[in-house]
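Undergrad: Dropping the structure in here first, questions after.
The values are calculated or read from the model by the stated rules, or taken from the named source; none is laboratory data. Just so we're clear, the structure is a prediction, and the values are computed from it rather than from any experiment. FYI the Cβ positions are ideal-geometry reconstructions off the backbone, even for glycines, and counts take in every protein chain you see.
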Amino acid sequence: MSDVISWANSIIWSPALVYLCLAVGVFFTIRTRLVQVRQLPEMFRQTFRGTRSADGVSSFQALAMSLSGRVGTGNIAGVATAIAFGGPGAVFWMWTVAFLGASTSFIESTLGQVYKERDRDTGEYRGGPAYYLAKAFRHTRARGLFNVYASVFAFVSVLALALFMPGVQANGMAAAIDHAWGVEPWVTGVGIVIVLGFIILGGVKRIANFTSIVVPFMAIVYILLAIVIVFVNAHMIGDVLSLIFSSAFGLNATFGAIVGSAVEWGVKRGIYSNEAGQGTGPHAAAAAEVSHPAKQGLVQAGAVYIDTLFVCSATAFMILSTGMYRVFANGAEDGPVLHEGAGGLSKTVAVGPGFAQAGFDTLMPGLGATFIAVSLAFFAFTTIVAYYYMAETNLKFLLAKVPDAGARSVVLRIMQAALLVACVFGATTTATDAWALGDIGVGLMAWLNIVAVLILQRPALAALRDFERQRKSGLDPQFDPTLLGIRGASYWEERLVRT
């Protein structure tokens, strides 16, 4: 089974997907005229502008939901893995894919808002790639083809978000807790199931309330303590930056042979962490109550920066400045050690959270394992919660034509049970298999969504121009799809009638 998983992962995450992610980021950076730079102040201004309603969450809550999916094991174990198999240069490519991916995130998240709709069972807003694929072409002769495409995306997303990707988070959490306190992984898995069951049964509002409190608090604490470690090792900052940039372009003799691995692992782990282009961000974006889709598109673009440029960078600098890492050749932990960091990392520390735990120990000996375990527990848990919400959204799409509410409820309960089982499996399986399954889920969604946003870019670009025009006129932007020639935006059309 491990061989099959590894083979499928290598096919999906071929160099084609790595360079496609970068190329699409460059393309949308040009098409949006550097929206991720020009509208940087607006990204953070809009984060605190929207207010929640009976049907939707606030912009900040939607951001927290999105960040809960982005900030997880990838920000700690994922960064360590990228450095271990791609060298320090992988960090540069994580930054690159975040900068370019912010424009992609704007496009996909704006589309999520444009084509959102109300859940017929709860009245809450729902949206995402499956929704915008189906609704954007509803009035064209190609609607049948895109309905199939939408259903394929929704089905793949349910598999990825409910079965493949939660295992990575559970595995990272279990490994860190086991290292810190000696708790058996299966015990951690059962604990996840108990707490997660309570959260997900409460619906999107409980999810939003939970993540809006936990995610910002833990992210701030984690970043601040990581910054303290960097300041303690301030004399190393120049050396760390030099190491990252020289390794990224093959200028460092030690890492020159793995410059291709730096790109591959940097992009792969960057996408896994910030999710730009993966198609997950639009689900949280669609849940927000805003007056114009571009507002939430900008908020979600800012989330990419928060995830990678802040949280991932904090982990990277903590690991590299303390020298608590090692780099392996051939992209595998059983390969020869290409380089050993100067921090004296114990030979027993496996690739993953242990690198960050050892780095933190240099500041407060004996507390590194506990701090990283607690941080990872909160990050990973909130990510699993976000995965559930997105899986539920796609399942609702697939069940849209099922008239019996009872039948829909049964299918939903089956998916919830499957996700809980996946968490226990992930907590108790090997890290290699858990990460490979997670990468398969991310890769499948990315392939399908990137093609979708390339086809559907026009409504998002029109929304951006409309938003900027109204802002330039001193107005609070209001969205009217009919003026922009956008069809299929049924929620916004109904909103115009009501107002």
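Undergrad: Out of all the residues in the stretch 107-128, is one or more in a helix (DSSP H, G or I), under 24 Å from Cys423 (Cβ atoms) and among the β-branched types (Val, Ile, Thr)?
TA: Just the residues of the stretch 107-128 that are in a helix (DSSP H, G or I), to begin with: 107-114.
Add one more test, that the residue is under 24 Å from Cys423 (Cβ atoms), and what stays is none.
No: the stretch 107-128 contains no residue that is in a helix (DSSP H, G or I), under 24 Å from Cys423 (Cβ atoms) and among the β-branched types (Val, Ile, Thr).
Undergrad: So which residues in the stretch 451-496 are of a type in the set (Gly, Ala, Ser) and touching a helix residue (DSSP H, G or I) at 6+ places or on another chain (Cβ under 6 Å)?
TA: Taking the stretch 451-496 first, the residues of a type in the set (Gly, Ala, Ser) are 452, 460, 462-463, 473-474, 485, 488-490.
Scanning the stretch 451-496 gives Ala452, Ala460, Ala462, Ala463, Gly488, Ala489.
Undergrad: Still on this model: For Ala350, indicate whether it is closer than 29 Å to Asp178 by Cα, of a type in the set (Gly, Ala, Ser), modelled with pLDDT under 90 and in a helix (DSSP H, G or I). Spell out the reasoning first.
TA: Details: closer than 29 Å to Asp178 by Cα: yes; of a type in the set (Gly, Ala, Ser): yes; modelled with pLDDT under 90: yes; in a helix (DSSP H, G or I): no.
Criteria not met by Ala350.
Undergrad: If only one of Thr73, Thr81 is touching a Leu at 6+ places or on another chain (Cβ under 8 Å), closer than 30 Å to Val152 by Cβ and at pLDDT below 95, which one is it? Steps first, answer last, please.
TA: Details: Thr81 fails: touching a Leu at 6+ places or on another chain (Cβ under 8 Å).
On inspection, the qualifying residue turns out to be Thr73.
Undergrad: Please tell me if Thr383 is out of contact with any Phe, Trp or Tyr (no Cβ under 6 Å at 6 or more places or on another chain), outside any loop (DSSP other than H, G, I, E, B) and not hydrophobic (A, V, I, L, M, F, W, C).
TA: On the way: out of contact with any Phe, Trp or Tyr (no Cβ under 6 Å at 6 or more places or on another chain): yes; outside any loop (DSSP other than H, G, I, E, B): yes; not hydrophobic (A, V, I, L, M, F, W, C): yes.
So Thr383 fits the description; yes.
Undergrad: Hey, another quick one. If you go through the stretch 214-265, how many residues are at pLDDT below 90 and aromatic (Phe, Trp, Tyr)?
TA: Step one: of the stretch 214-265, the residues at pLDDT below 90 are 214-237, 250-260.
The next check asks that each one be aromatic (Phe, Trp, Tyr); those that pass are 217, 222, 231, 255.
Residues flagged as at pLDDT below 90 and aromatic (Phe, Trp, Tyr) within the stretch 214-265 amount to 4.
Undergrad: Give the number of residues within the stretch 232-260 that are assigned to a helix (DSSP H, G or I), surrounded by fewer than 24 Cβ atoms within 10 Å (Cβ to Cβ) and either in contact with a Gly (Cβ under 8 Å, 6 or more places away or on another chain) or of a type in the set (A, V, I, L, M, F, W, C) (or both).
TA: First, pick out the residues of the stretch 232-260 that are assigned to a helix (DSSP H, G or I): 232, 234-248, 256-260.
Right, trim to surrounded by fewer than 24 Cβ atoms within 10 Å (Cβ to Cβ) and you get 232, 234-243, 245-246, 256-257, 259-260.
From what's left, either in contact with a Gly (Cβ under 8 Å, 6 or more places away or on another chain) or of a type in the set (A, V, I, L, M, F, W, C) (or both): 232, 234, 236-237, 240-241, 243, 245-246, 256-257, 259.
Of the residues in that region, 12 qualify.
Undergrad: For the stretch 159-178, name all the residues that are assigned to a helix (DSSP H, G or I), surrounded by 22 or more Cβ atoms within 10 Å (Cβ to Cβ) and of a type outside the set (Gly, Ala, Ser).
TA: Here is the first cut: in the stretch 159-178, the residues assigned to a helix (DSSP H, G or I) are 159-164, 166-178.
From what's left, surrounded by 22 or more Cβ atoms within 10 Å (Cβ to Cβ): 160-162, 164, 166-177.
Hits for the stretch 159-178 are Leu161, Phe164, Pro166, Val168, Gln169, Asn171, Met173, Ile177.
Undergrad: Among the candidates Ala358, Ala407, Ala391, Ala422, single out the residue that is modelled with pLDDT of 90 or more, assigned to a helix (DSSP H, G or I), farther than 28 Å from Asn274 by Cα and among the small types (Gly, Ala, Ser). Give the steps one after another, and end with the answer.
TA: Values: Ala358 fails: farther than 28 Å from Asn274 by Cα; Ala391 fails: farther than 28 Å from Asn274 by Cα; Ala422 fails: farther than 28 Å from Asn274 by Cα.
It is Ala407.
Undergrad: Report, by residue number, each residue of the stretch 297-341 that is over 22 Å from Thr432 (Cβ atoms) and either in a strand (DSSP E or B) or at pLDDT below 90 (or both).
TA: Listed by number, the residues that qualify are Ala303, Ile306, Asp307, Thr308, Leu309, Phe310, Val311, Ala314.
Undergrad: Cβ contacts < 9 Å: first residue touching a residue at least 60 places away in the same chain (Cβ under 8 Å) and basic (Lys, Arg), restricted to the stretch 107-132; second residue in a loop (DSSP other than H, G, I, E, B) and buried (at least 19 other Cβ atoms within 10 Å of the Cβ), any location; separation 6+ or different chain. Result?
TA: Correct list of pairs: Lys116/Gly56; Lys116/Gly127; Lys116/Gly128; Lys116/Ala287; Lys116/Ala489; Arg118/Glu124; Arg126/Lys116; Arg126/Ala287.
Undergrad: While we're here: Could you please find all residues in the stretch 262-289 being surrounded by fewer than 24 Cβ atoms within 10 Å (Cβ to Cβ) and part of a helix (DSSP H, G or I)?
TA: Step one: of the stretch 262-289, the residues surrounded by fewer than 24 Cβ atoms within 10 Å (Cβ to Cβ) are 263-264, 289.
Those that are surrounded by fewer than 24 Cβ atoms within 10 Å (Cβ to Cβ) and part of a helix (DSSP H, G or I): Val263, Glu264.
Undergrad: Determine whether Arg458 is modelled with pLDDT of 95 or more and closer than 17 Å to Lys135 by Cβ. Can you show your working first?
TA: Numbers: modelled with pLDDT of 95 or more: yes; closer than 17 Å to Lys135 by Cβ: yes.
When the stated conditions are applied, Arg458 passes them.
Undergrad: Then there is this: Answer yes or no as to whether Val385 is under 30 Å from Trp181 (Cα atoms) and within 24 Å of the chain's Cα centre (by Cα).
TA: Numbers: under 30 Å from Trp181 (Cα atoms): yes; within 24 Å of the chain's Cα centre (by Cα): yes.
In short, yes.
Undergrad: In the stretch 461-490, how many are among the aromatic types (Phe, Trp, Tyr) and in a loop (DSSP other than H, G, I, E, B)?
TA: Step one: of the stretch 461-490, the residues among the aromatic types (Phe, Trp, Tyr) are 467, 479.
Going one step further and asking which of them are in a loop (DSSP other than H, G, I, E, B), we end up with 479.
Residues meeting the conditions: 1.
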